[in-house]
Amino acid sequence: MKRILFLLTSVLFVIASFAQADKAKYYIEGDYSISRAPNGQFVYNLTDISSKGIFFSVPDTLRGVVEEDESISFTFEKATTDCPDGFKDGLKFWKWQNNGKNYSWQRDSEVKDAQQNFETDKIMVAMLILDCSNSLGDANFAKLQSSAIKFLDILYNASPDGSVRIGIVGFNTMSNTDEMVRDIEPLTASSKDRMVQFIHGLTLYNNTSLYYAMRKGSDMIADYVASLPDSERDKFDHACMVSFTDGYDNHSKDERLGVPQRGLDNPYFQYIRDNVVNRSVGGKSLKSHVIAVKGNDVSEDNKLYKEVFQGISSEDPVLLDDFSQVEAQFEKMANDLIKRWQNLTCYVPSAHQGRVRWTIGDYTDNNVIVPKVQEKTPAVTYSKRPFLGVNAGLDFEIASQTKTLTYGGLCAGFDFAFPTKKKDNVAVGGMLSLKWPFFVRGPFHIGLGPLMLVGDYENRVAFILGGAVDLRFHNTVERPKKFTWTADNKMGAGGTLRLGFTTIKHKLYFFTDLTLGGFHAFYKDPLACPGGTLYDVDGNEVSGQDLINRWGHDETFYTGPSTDENRAVIEQFYRYDTHPLYFNFSFNIGYRF
């Protein structure tokens, strides 16, 4: 039963694998080709690129790179996915290939899975702008400090070599904001420790000059990028501000901008909206990300609250009702920034050409109906090699004699099958099996019969079905005295049914042989063989009553004082003729050449 369950599980797994490729929910696909450059070198290209659930800038042609293991890699820059698990488990490689009958996606597990990596030689400049107003309170301010430090940790772990450049501004009053500034510098192990100390050193005070801090932060970023040396300017990739506040700005003012007003009419708000958010810095847009908690001093309706923070954000702001999710939002913000470096490297075997696909995990879209692609049958499709294999295993037998006997032993055999030209997914041949018992005088078996394989045993799982005539040979068996009989066993015969399957890897195949048969045996002890037919030395049938009459009486026959002598007389003149059954089964593993 366990073998059957294992076989069914294997079949379902194979079917599910093909469905996974056909109905993949997240994949990248393209045409892989090899050409020769004028200098004689091979050129590896991926064209006609498409994807589902994975997002990147799709090039017309992507040039492959030869890796150390001689596989070919293709890198998709800044790739993202809406898959819940992201790219953490890699992507499986499939190739669109003819299996002798039609085309289908075939898994190639020898090609290493696609993996995400980070292009850490690019430079990102980020500014943390942190609210330090009294309205936060000590407990919430401590949570904000912890969240900002977590933000630094995530960026540092992604790029510890200083590709991330960080500056920090804390704000309450405008004059205090000028003092709570840490200049932009590369994020390394030593500088991170100093930044953490700076964050811990920020102090609470009255008022909220958010707009003033954002303006100061954007100017610091612009000045820093402009001062980059030529060797780093080409590597500059992204600039952003991550601002946190627990309410509206109530302190920022500049005579040149006009008289401060409420809400959207505030000229400083309009300046930040029009001149800071998405301003050009080093040829890139400065992105503004805002995390806001609706504090005690915010009593207006949600519409105005949203409109204010949407105006100073490059994307939708993160608006929270309390501090319970502040740390999670800072972590998410850091991880989203990391994705700007996130590249996806996919691999193909160097000599394969054709359509290829990389899929994430086991996600499938069951709503997709995949049309079957009908390909013209080539002029010659008969290319499958003959199936030649040897096998070995364990053998067991139960014989229903006067005392039920069990045997255990070893078995070995040879199998062969040749593909039929009418149906190239069927191969027919024969099988030979030999079985030896552990016990020296146990039965010996020879099995010979036809064998059939259904399926592509070279590239997929194929099913094995066979039948054989089983010949059983057994010498005279002497059992211990406690069994009180001896038997002259003659040859027996039975029928064998073989059920099994081949595997894709390592050219292995597994099967079980089930055999049922009978044999002819003579027993020389009627005491141990009640019933049946008794014969005397002349071959005449003798009934049980005749035996009693000849011997004397029933009590003497069974319990006479001279048991050994009595038995010797009985064994000399009487025997018991029977045809018991035997059931033989084996578990085998084979290897095909």
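If you check ARG215 against the conditions, is it free of Cβ contacts under 8 Å to residues at least 40 places away in the same chain and under 17 Å from VAL242 (Cβ atoms)?
no
Among the residues of the range 153-188, which ones are over 22 Å from HIS238 (Cβ atoms), of a type in the set (A, V, I, L, M) and free of Cβ contacts under 8 Å to residues at least 60 places away in the same chain? Spell out the reasoning first.
First pass over the range 153-188, keeping only residues over 22 Å from HIS238 (Cβ atoms): 170-180.
In the following step, the residues that additionally are of a type in the set (A, V, I, L, M) were identified as 174, 180.
Passing the criteria: only MET180.
Checking TYR44 against (1) within 15 Å of TYR347 (Cβ to Cβ); (2) under 23 Å from the mean Cα position of the chain (by Cα), only one condition comes out false. Which one?
For TYR44, the failing item is (2).
So if I check each of SER159, SER190, SER175, which one is surrounded by 16 or more Cβ atoms within 10 Å (Cβ to Cβ), on the phi < 0 side of the Ramachandran plot and among the polar types (S, T, N, Q)?
Values: SER190 fails: surrounded by 16 or more Cβ atoms within 10 Å (Cβ to Cβ); SER175 fails: surrounded by 16 or more Cβ atoms within 10 Å (Cβ to Cβ).
Result of the check over SER159, SER190, SER175: SER159.
Do we find a residue being touching a Pro at 6+ places or on another chain (Cβ under 8 Å), of a type outside the set (S, T, N, Q) and outside the structural domain of LYS284 (by TED's automatic domain parsing) anywhere in the range 109-120? Let's see the steps before the verdict.
Here is the first cut: in the range 109-120, the residues touching a Pro at 6+ places or on another chain (Cβ under 8 Å) are 110-111.
Narrowing the set further to residues that are of a type outside the set (S, T, N, Q) leaves 110-111.
Keeping just the survivors that are outside the structural domain of LYS284 (by TED's automatic domain parsing) gives 110-111.
The answer is yes, given that some residue of the range 109-120 is touching a Pro at 6+ places or on another chain (Cβ under 8 Å), of a type outside the set (S, T, N, Q) and outside the structural domain of LYS284 (by TED's automatic domain parsing).
For LEU448, indicate whether it is hydrophobic (A, V, I, L, M, F, W, C), over 44 Å from the mean Cα position of the chain (by Cα), in the same structural domain as GLY413 (by TED's automatic domain parsing) and at pLDDT 90 or above. Before the answer, list the steps.
On the way: hydrophobic (A, V, I, L, M, F, W, C): yes; over 44 Å from the mean Cα position of the chain (by Cα): no; in the same structural domain as GLY413 (by TED's automatic domain parsing): yes; at pLDDT 90 or above: yes.
The answer is no for LEU448.
Of the conditions (1) modelled with pLDDT of 80 or more; (2) surrounded by fewer than 19 Cβ atoms within 10 Å (Cβ to Cβ), ASP470 fails just one. Which one is it?
So the condition that ASP470 fails would be (2).
Does ARG279 meet the test of being surrounded by fewer than 19 Cβ atoms within 10 Å (Cβ to Cβ) and closer than 23 Å to SER175 by Cα?
Considered against the rule, which asks whether it is surrounded by fewer than 19 Cβ atoms within 10 Å (Cβ to Cβ) and closer than 23 Å to SER175 by Cα, ARG279 comes out as no.
Hey, can you tell me all the residues within the range 259-281 that are at pLDDT 90 or above and either of a type in the set (Gly, Ala, Ser) or in contact with a Gly (Cβ under 6 Å, 6 or more places away or on another chain) (or both)?
Across the range 259-281, the qualifying residues are PRO267, ARG273, SER280.
Can you name the residue in the range 202-225 that is crowded, with 22+ Cβ neighbours inside 10 Å and β-branched (Val, Ile, Thr) and is also nearest to ARG165 (Cα to Cα) among such residues?
ILE221
Of everything in the range 52-64, what is within 26 Å of the chain's Cα centre (by Cα) and assigned to a strand (DSSP E or B)? Give them in sequence order. Even if it seems obvious, please write down each step before you answer.
Residues of the range 52-64 within 26 Å of the chain's Cα centre (by Cα): 52-56, 64.
Residues satisfying the conditions are LYS52, ILE54, PHE55.
Six or more apart or on different chains, Cβ atoms under 9 Å: show the pairs whose first residue is in the range 134-147 and assigned by TED's automatic domain parsing to the domain that holds HIS251 and among the acidic types (Asp, Glu) and whose second is surrounded by fewer than 18 Cβ atoms within 10 Å (Cβ to Cβ) and not in a helix (DSSP H, G or I).
The qualifying pairs are ASP138/LEU204.
Hey, among the residues in the range 231-273 that are among the polar types (S, T, N, Q) and assigned to a loop (DSSP other than H, G, I, E, B), which one's farthest from VAL169 (Cα to Cα)?
Of all residues in the range 231-273, those among the polar types (S, T, N, Q) come to 231, 243, 245, 250, 252, 261, 266, 270.
Narrowing the set further to residues that are assigned to a loop (DSSP other than H, G, I, E, B) leaves 250, 252, 261, 266.
Numbers: ASN250: 17, SER252: 15, GLN261: 24, ASN266: 22 Å.
Only one residue fits best here, namely GLN261.
The values are calculated or read from the model by the stated rules, or taken from the named source; none is laboratory data. In this text the structure is predicted, and so the values were computed from the model without any measurement. Glycine gets a Cβ as well: all are built from the backbone with ideal geometry, and neighbour counts include every protein chain shown.
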